Structures are given as C-alpha cells and as structure tokens.
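Peer 1: Let me begin by handing over the structure; questions about it come next.
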Amino acid sequence: MALLVSVILIARVAFNVLLMAMAGSLIATYFHGLGDLVERKLKIKRKFAMLISVIGSIAILGLLLWFMGTKIQAQVEELSKTLPHTINNVKAKMATSPIGQKILESLGGDNSQKMMTTAQSFFTTSFGVLGDLYIIMFLGIFFTANPSLYKDGILALIPKDRKPVGVHIMNRISISLKGWLKGMMASMVLVTILISLGLTIIGIPVAMVLGLITGILELIPNFGSVIAMVPGVLLALTISTNAGIVVALLYITSQTITANIVNPLIQRKLIKLPPALTLISQLIMGAISGPLGVILAVPMLAILMILIDELYVKKINPEGAQISSTADVAVK
C-alpha cells in the first residue's frame, strides 16, 4: 500500500513537471514566432533575430512593469482594502431578502470551510507559483536556444520506418500550439484594453488592475471570465445598482467580442474541440495540477486528440479521419 501511494505521488509530481515543460515549450513557441517575424522584416540572420526576440520581449516586459508598477501597486493595495468591505456590504444587502439569506446559509459554516479548503488546494502547485514561473521561463529559454536538440531526441525514440509519421504529428502539434498561443495572446490584450478603458469611463476605481486580472484570467476558458467579473461587479455595486448592471454588461460584451472574433481565429489552427470535453478536461486537470493544469487543459486536450487521430482513428478509419481536417489543411 505504501509503495502504491509513493508511486501515485511520484506520478503526480512528474505530471506537474511535464506541464511546466509544456508551458516552457509554449514560451519557446512565442519566442520563435516573434523571431520569425523579426527575421522577415529586418532581413537579418536567424540567431540575431532570436536574440532580439528574447531580449526585446524581456526588456519590454520589464519597462512596462517599471512604468506601470507604481500605479498598479497602488491600485492593488486599494483593491485589497476595498474588496472585503464591499463583500460585507453585499452580504448585508443579501441578508434582507429570503433568497439572499438562503444563499448566505449555503455559503456559511461547513460549506464555507469546504470551499476555502478547495480553493486552497486548487491554488497549490508543486513548487509554489514563483518557483514554477522561474522554472518555466528558463525551460522556455533553453527550448528556444536549441529546439532541434529536443525534437531530434524525441524522434530518436521512434522506429525508423515510423519517423515520417512522427514528424507529421510533431508538425500538427506545433501548428495547433502556435494557433492557440496567438489567439490567446490576442484575446488577453483585447480584453485587458476593453475592460480597463470601459471601467475607467464608467468611473470604477482600480480599473487598470481589474483589466489586467481579466486579461490574465483569459488563459482559463469558461471559468476565467466569470471569476474576473465578480470583483468588478462588486465594486460597481458600491456606487449604485445601475453601475453594477453596466459593468456586468461591459464584461459580457467584451467576452462576446472575444468569443465571436478572436476565438474563431484560434479554431482555424486548432482541432475543433467539443465544449463539454473541454470543460471536463479543465476540471480533471484542475483537480490534478491546480491552476497550471486548468490553463494548459485546452492545448493538452488538442495534443491528445491529435495523437488519438494519428495513432488510432486513421488506422481504423483511414478514409474518414475527421478530427484532423483543420490541422491537415494547415500542415499542407
């Protein structure tokens, strides 16, 4: 029994490390994509384009944090002071209605403790958030520096007569990940701008922080937009009920624009994933690996679907492998 428990724990930690390696490969994909753009536009050698991609990205991020850091820090402190008071006000208002009382009862006592325990376990990762980010960034840089070393290492494990299939699968996975990454970055930037500007115009405090939170939570399909809406609507309710409604409409509108403009661009490069299957994969990955698992659930599911299609579906139904239709077109 002790051996079985040990094996399960080791497997879980190994899976978390695998997820961090995948996150690192996504960062490397971003660096290479930007490097390709720099190489085409500036007509310079590949190695110099990659140096500009990596160093330039880190420098831009550092400058943004430097210029905006003080204001963001002030808004974060204001949000941390305001939000608890806002939640208490909302609870007081809910307590005045029968429905609100039932909701508060369901969130109180043992249920509240269970929710807190679940939230704490959900936001617990293998090495801690900062440690994971540090490792992921360095993995991304290593993968960027010499990607062929790792690709050739994977292909070396494949029998010689199956190497063309292995190359084809890796190409499909690469195209899917690039499509997901480009679409996700565009979605994050668009939503951050829309929410920040919209909340500023409405007159909601800490608009910049709320916009950044919303943009970051775009990494979590299905759940992210709902989670991001809560603090914004709560703060708006402290101003007036109408302000709360307007802010809710702002979040819904921004998500509608993203869903109908940006997400279709993602799907052009990704396998068409069933919504229910996507949600199930997020729940499973969240239970296993916390927030990193939820963020990477969609690309992991896409990779799994590609592997199933190439290694199983095409063998039993070579003329009707529909899963691969969009990715095959992209590869060709």
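The values are calculated or read from the model by the stated rules, or taken from the named source; none is laboratory data. Every value quoted in this text rests on a predicted model; they were computed, and no experiment measured them. Please note: Cβ atoms are built from the backbone with ideal geometry, for glycine as well, and neighbour counts cover all protein chains shown.
Peer 1: Looking at V189, is it exposed (fewer than 15 other Cβ atoms within 10 Å of the Cβ) and in contact with an Asp or Glu (Cβ under 8 Å, 6 or more places away or on another chain)?
Peer 2: no
Peer 1: Has region 171-184 got any residue that is at pLDDT 85 or above, farther than 15 Å from L296 by Cβ and of a type in the set (A, V, I, L, M)?
Peer 2: No, because not a single residue in region 171-184 is at pLDDT 85 or above, farther than 15 Å from L296 by Cβ and of a type in the set (A, V, I, L, M).
Peer 1: Quick one: which helices (runs of 4 or more DSSP H) sit completely within region 230-298 and have at least 3 residues that are closer than 19 Å to S176 by Cβ, within 17 Å of the chain's Cα centre (by Cα) and at pLDDT below 80?
Peer 2: Per the criteria, 263-269.
Peer 1: Let me ask another. State all residues of region 202-222 that are among the small types (G, A, S) and surrounded by fewer than 17 Cβ atoms within 10 Å (Cβ to Cβ); if no residue qualifies, say none.
Peer 2: G203
Peer 1: Let me ask something else. When you look at I316, is it modelled with pLDDT of 80 or more and either among the hydrophobic types (A, V, I, L, M, F, W, C) or surrounded by 12 or more Cβ atoms within 10 Å (Cβ to Cβ) (or both), yes or no?
Peer 2: Criteria met by I316.
Peer 1: Sticking with this one: Which one is modelled with the highest pLDDT, of the residues in region 23-69 that are surrounded by fewer than 17 Cβ atoms within 10 Å (Cβ to Cβ), under 22 Å from the mean Cα position of the chain (by Cα) and not hydroxyl-bearing (S, T, Y)?
Peer 2: Going through the qualifying residues, I end up with I58.
Peer 1: For region 214-229, name all the residues that are among the β-branched types (V, I, T) and either under 10 Å from the mean Cα position of the chain (by Cα) or not in a helix (DSSP H, G or I) (or both).
Peer 2: Answer for region 214-229, where residues must be among the β-branched types (V, I, T) and either under 10 Å from the mean Cα position of the chain (by Cα) or not in a helix (DSSP H, G or I) (or both): I216, I220.
Peer 1: Something else about it: Out of (1) modelled with pLDDT under 85; (2) loosely packed, with under 14 Cβ neighbours inside 10 Å, what's the single condition that is false for L133?
Peer 2: (2)
Peer 1: Please give the number of the condition V247 fails out of (1) of a type outside the set (D, E); (2) surrounded by 18 or more Cβ atoms within 10 Å (Cβ to Cβ); (3) under 28 Å from I280 (Cα atoms).
Peer 2: (3)
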